[in-house]
Amino acid sequence: MHRYLVALAGGLALSACNTDPNPAATPEGGPDAAETAAQTELPPPMPEELSETTPQQFVEKVAASDLYELEAAKLAEKNGKSAATKESAAMMIKDHTASSKKLMDAASKATPTITAKPTLTSEQQAQIDALRGAGPEFDKRYAEQQAAAHDKALALLKTYSASGTDASLKSFATEVAPTVQPHAEKAKALPGT
């Protein structure tokens, strides 16, 4: 929240300095509506899932993300039509199984120790259900979900890496983020995206 307020204050200060020295350049002698709106537009608030995440919340979110990735990948191995979708699924299973193990390792070293029982969120369960019912649109729906899920996971990892409060979990986030980045890029290149 503090970062948001600092960014807001900085943005307002800069927008106050950004005035047109030639007011006659616009039809009515002042800045046009689009320019004024752009100057006063506030930065979007930080998503709730990224702001001040406790170590327990971080572990639960990453564990749920890994579980979702594993479940979606199993469906993709079975129902995917393209070779690229099936290859992506195999990579997800390998990498997210490893990520889950690293997460549990880091959580056991956290102070105090954190235990997580991976559970899908209602949103993730709905996405799995949508994949199950996707039929011939499976590859497209899988690709769209993968791109969005990896962008969200990457943002969570980078945020915790930069500002998390537990050293072992920060180390985990820093180590795993470079693996998630290519997943996000690869998901955006899958058939259907």
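Points worth noting:
- Qualifying residue in the range 109-117 (condition: more than 20 Å from the chain's Cα centre (by Cα) and part of a helix (DSSP H, G or I)): yes
- Scanning the range 105-122 for residues that are surrounded by 14 or more Cβ atoms within 10 Å (Cβ to Cβ) and either of a type in the set (Ser, Thr, Tyr) or farther than 18 Å from GLU71 by Cα (or both) yields ALA106, ALA107, LYS109, ALA110, ILE114, THR121.
- GLY164 vs. criteria over 21 Å from SER108 (Cα atoms) and open to solvent by less than 60 Å² (accessible area, probe 1.4 Å): no
The values are calculated or read from the model by the stated rules, or taken from the named source; none is laboratory data. Please read these numbers as outputs of a predicted model, since none were measured by experiment. Neighbour counts run over all protein chains shown; Cβ positions are idealised from the backbone, glycine included. Quick note on the areas: whole protein, heavy atoms, side chains included, nothing else; ligands and nucleic acids left out. Shrake-Rupley method; radii C 1.70, N 1.55, O 1.52, S 1.80 Å.
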